[in-house]
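The values are calculated or read from the model by the stated rules, or taken from the named source; none is laboratory data. Just so it is clear, the structure is predicted and the values come from calculations on it, not from any experiment. Ideal geometry is used to build each Cβ from the backbone, glycine not excepted, and the neighbour counts take in all protein chains shown.
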Amino acid sequence: MVRFFIVMGILGVVFPAQALPRRPAQEHDLRAARLGVVYDLPAPQKTEKHTSNPVVDSSESFSTDRRARTLRKRLQHLLRSQPLATVRLSIAVSNAATGEEWAARNPDRTLNPASTLKLITSAVALDRLGPDYRFTTHVRFLDGTAYLVGSGDPQLSLNALDRLAQRLVDHSPRSIRRIVVDDEAFSGGVLPPGYDKKQTDAAYRASVGSIALMDGTTKISVYPSREGQPPRVVQTPPGGYVLIDNRAKTVSGKGSTIRIRVTRHQRRSKAVITGRIGRKRKRRPTWANRRVEHPPLAAGYAFKALIEKHCDCGIPGDVTLGPTPPRAQRIAHHRSEPLSALMATMNKTSNNFIAEMLLRALARERDNAFQTVSWDDGLRTVRTWLETKLGFQADDYQYSNGSGLYDGGRFSAAQVVRLLVHMNQHANRELYRASLAVAGRDGTLKGRLIADATAGRMVGKTGTLNEVSALSGYVRTRNGQRLAFSILMNNTGGATQQMRRIQDRIVSLLIEIR
């Protein structure tokens with residue numbers, strides 16, 4: 001039998017794909033892993049080196065529309081010419097209004113979607129909480145103790161916290177003796193699911209809490225001092241939550257070899273500063289944003305420092321965590337931007353912190369702003385939504401965190417497109433689409449598809465990990481048709497820029513279909 005296929009290959013005989021028996025997807029993957037081949041495709045011809053990703057267009061579910069047939073032919077030609085032999089690929093394109101399938105390549109192959117997972121998190125949050133939902137941060141007071149109470153505002157600013165501190169001082173200028181942070185609206189710890197897979201102080205891996213500043217990070221700035229002396233270190237937000245271990249030295253010149261490493265120190269963070277900084281860099285400090293260990297405590301330390309600034313007094317003792325007594329008087333409050341604006345920041349800039357904050361918040365009832373919710377509550381809510389609203393089967397996907405960081409999920413392109421089609425029919429579909437980056441205009445797509453022919457004609461969500469590149473969203477074709485698409489690429493070998501160029505060529509092809 002082996003000799004037969006060798007001879008037929010030499011003679012240039014190619015067996016049609018439909019003649020191959022179809023096997024379950026898991027069996028395909030298992031055999032591929034064992035033998036190093038892919039069984040759901042016909043063997044490529046010798047004269048074409050990049051035919052491992054043909055577009056299957058024999059499915060009866062595909063649209064017979066002339067434009068869809070043209071798209072399938074052009075997409076197949078495009079994929080054959082690209083270096084995708086070792087890339088695990090899943091592509092799906094559908095009419096966004098009707099859900100009719102226009103083209104696909106391995107549409108049901110589940111892959112790591114990276115940050116395109118945020119499309120799901122934002123869809124569920126929008127559907128359950130509504131676009132006008134706002135988070136509230138309270139300050140309450142009882143018997144000399146000020147309580148800072150959070151509900152999960154993912155974009156609470158230092159300026160907003162400063163205003164709350166000023167209101168508290170105006171009310172009780174000399175009677176504040178203790179600061180307590182009430183973070184009980186979120187339970188289950190501050191580290192999002194799956195974030196323990198890598199130990200790094202990078203800002204993109206920030207912890208979360210029901211009250212937090214600066215996306216759960218701190219900014220450490222290092223300024224030169226006198227030559228031979230340790231440099232000056234400034235942390236933002238203020239308050240001294242981050243312990244400073246300054247081992248650096250100021251030297252002559254204007255160069256810098258400063259390194260800033262932040263580690264855990266119980267519930268606080270510790271910044272170790274090493275290296276040298278030139279004394280002539282006074283206007284150009286060396287700085288870094290790093291995650292903090294416990295964002296609610298960090299916010300509490302900042303709140304204490306702001307109160308002390310306004311009252312020109314000192315508050316004894318450390319900041320602590322605890323519940324707010326029912327009798328505590330409400331002094332002031334701050335309301336966040338509406339959810340629609342928070343979603344736009346999250347999706348356009350691919351903000352992991354906001355996604356994980358929303359994951360827990362979306363599990364609460366809309367009219368119960370301080371309802372305690374856990375990670376499990378959030379994950380369960382999203383999974384239930386996917387299975388009831390979109391008809392997903394529990395064994396056919398994986399949703400493990402809100403941002404898509406690390407191994408946050410497993411979805412197929414067909415599933416992502418099903419979500420996009422569903423949201424295109426949602427009452428808040430325009431706000432959902434508006435939350436996505438615009439090709440050639442803003443967010444993570446600002447520098448892509450910048451030509452006049454493509455800029456502004458696609459909105460989408462990007463996704464990038466070491467071995468993952470993805471792009472999913474909506475395209476407006478030349479004749480006004482709106483298409484929903486998803487391109488998921490795994491095993492990319494780190495060739496991120498090359499994968500993005502291929503994605504952009506696919507999107508350009510979709511735009512030009514008439």
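Couple of notes before you dig in:
- Per the conditions (1) free of Cβ contacts under 8 Å to residues at least 60 places away in the same chain; (2) over 24 Å from the mean Cα position of the chain (by Cα), the sole criterion not satisfied by D182 is (1).
- Looking only at the stretch 286-323, and only at residues there that are in a loop (DSSP other than H, G, I, E, B) and under 15 Å from V242 (Cβ atoms), the one that is modelled with the lowest pLDDT: D318
- The stretch 299-314 - residue that is touching a helix residue (DSSP H, G or I) at 6+ places or on another chain (Cβ under 9 Å) and of a type in the set (G, A, S) and, of those, surrounded by the fewest Cβ atoms within 10 Å (Cβ to Cβ): G314
- Residue in the stretch 439-457 that is surrounded by the fewest Cβ atoms within 10 Å (Cβ to Cβ), counting only those that are among the aliphatic types (A, V, I, L, M) and closer than 22 Å to M489 by Cβ: I450
- When the stretch 392-413 is filtered for residues that are in a helix (DSSP H, G or I) and surrounded by fewer than 20 Cβ atoms within 10 Å (Cβ to Cβ), the ones remaining, listed by number, are A394, D395, D396.
- R163 fulfils the conditions (1) without any contact (Cβ under 8 Å) to a residue 40 or more places away in the chain; (2) assigned to a helix (DSSP H, G or I) except for a single criterion, (1).
- The stretch 238-267 residues that are assigned by TED's automatic domain parsing to the domain that holds V181, paired with ones that are among the aromatic types (F, W, Y) (beta carbon under 7 Å, 6 or more apart): G239/Y301; G240/Y301; Y241/Y301
- Pairs where the first residue, in the stretch 497-514, is within 16 Å of A451 (Cβ to Cβ) and the second is assigned to a helix (DSSP H, G or I) and not acidic (D, E), C-beta under 8 Å, 6+ apart: R505/L78; I506/L75; I506/L78; L509/L71; L509/R74; L509/L75; L509/L78; L510/L71
- Selection count where residues are within 27 Å of T349 (Cα to Cα), β-branched (V, I, T) and assigned to a loop (DSSP other than H, G, I, E, B), scope the stretch 88-118: 1
- Condition met for G378 (farther than 22 Å from T462 by Cβ, under 19 Å from the mean Cα position of the chain (by Cα) and free of Cβ contacts under 8 Å to residues at least 40 places away in the same chain): yes
- Close contacts from the stretch 336-362, counting a first residue that is in contact (Cβ under 8 Å) with a residue 24 or more places away in the chain and a second that is surrounded by 24 or more Cβ atoms within 10 Å (Cβ to Cβ) and charged (D, E, K, R), with Cβ to Cβ under 8 Å and a gap of 6+ residues or different chains, come to M346/K118; N347/K118; N347/K461; S350/K118; S350/K461; A355/K118.
- Subset of the stretch 458-480 (residues that are in contact with a helix residue (DSSP H, G or I) (Cβ under 7 Å, 6 or more places away or on another chain), surrounded by 16 or more Cβ atoms within 10 Å (Cβ to Cβ) and outside any strand (DSSP E or B)): T477
- Candidate set from the stretch 481-514 (those that are outside any helix (DSSP H, G or I) and among the charged types (D, E, K, R)); member that is nearest to the chain's Cα centre (by Cα): R482
- Any strands (runs of 3 or more DSSP E) falling wholly within the stretch 176-285 and containing at least 1 residues that are within 30 Å of L117 (Cα to Cα) and of a type in the set (S, T, N, Q): 217-223, 259-265, 268-274
- P326 assigned to a loop (DSSP other than H, G, I, E, B) and in contact (Cβ under 8 Å) with a residue 12 or more places away in the chain: no
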